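The values are calculated or read from the model by the stated rules, or taken from the named source; none is laboratory data. Small disclaimer: the values here were computed from a predicted structure and weren't measured. Because the Cβ atoms are built from the backbone with ideal geometry, glycine has one as well, and the counts that use them run over all protein chains shown. Only protein heavy atoms, including side chains, enter the accessible area calculation; ligands, DNA and RNA are left aside. Shrake-Rupley method; radii C 1.70, N 1.55, O 1.52, S 1.80 Å.
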Amino acid sequence: MEQARTALAARIGEQRAGDGDPRALVGELRRSVLLVPVDGGGLWSAWSGGVRWVCGFTDEAALARFALSQTSGDRPMEYAALLGARIVDEVVPSLDGPAGLAVDIATEDGAMFFPPVAGIVPDAVALDVDSEEGGR
């Protein structure tokens, strides 16, 4: 039996299909609880394209797909459940350098990246905000 998608996963699907509203997607991200793997006492992240991406997952199935791609599967992956707003408003700004949020990266045709830009992260750490006004 297939598990119902979370509201955020459904919004991501709409956006990927070209039918979504970007503002509604960001709003749903902020309201959603994401599962973020914990590694060595900190949140799991990866560097790509000069950006540090905090990796979050919409449900345990999406997290399990990721865990299987990263480990041998012989032990559970620890994770923290965090509100999306907390990740983009508090966690991302606390990291060194540009950072964003990558959601469901091990889900084929279901991943979405929320880059460090205005409207997603605070202006003080957004890459597209003039440095005199804030930004990194």
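Would segment 5-47 count as rounded, prolate or oblate if I go by the C-alpha gyration tensor, calling it rounded below 1.5 in a/c and otherwise prolate when a/b exceeds b/c, oblate otherwise? Since a/c reaches 1.5 and a/b is larger than b/c, the shape of segment 5-47 is classed as prolate. The share of accessible area on segment 1-42 that comes from carbon and sulfur is 48 percent, using a 1.4 angstrom probe.
Based on Cα contacts under 8 Å between residues 6+ apart, the chain shows a relative contact order of 22 percent. Under the classification rounded if a/c is under 1.5, otherwise prolate if a/b is larger than b/c and oblate if not, where does segment 33-77 fall, given a ≥ b ≥ c as square roots of the Cα gyration tensor eigenvalues? Prolate is the answer for segment 33-77, as a/c is 1.5 or above and a/b outweighs b/c. Equivalent-ellipsoid semi-axes for segment 52-102 (Cα gyration tensor, √(5λ), whole Å, largest first): 23, 12, 9.
Multiplying the residue separation of residue 85 and residue 48 by 0.36 nm and removing their Cα-Cα distance gives an extension gain of 11.1 nm.
For the chain, the Cβ-based charge dipole about the Cα centre amounts to some 220 debye (Lys, Arg positive; Asp, Glu negative; other atoms uncharged). The alpha carbon centroids of segment 60-123 and segment 1-58 are separated by 6 Å. Out of these labelled values of Rg and Dmax of the Cα atoms in Å, [x] 14.8, 48; [y] 18.8, 78; [z] 14.8, 53, which was calculated from the coordinates shown here? For Rg and Dmax of the Cα atoms in Å, the calculated option is [z].
Among beta bridges identified by DSSP and lying wholly in the chain, the antiparallel ones come to about 70 percent.
The 1.4 Å probe gives accessible areas that order 86, 75, largest first, as 75, 86.
Counting only heavy atoms of protein chains, what accessible area per residue, in Å², does segment 1-90 have with a probe of 1.4 Å? Write out the running numbers ahead of the final one.
On the way: 5350 Å² over 90 residues.
Averaged over the residues of segment 1-90, the accessible area is 59 Å².
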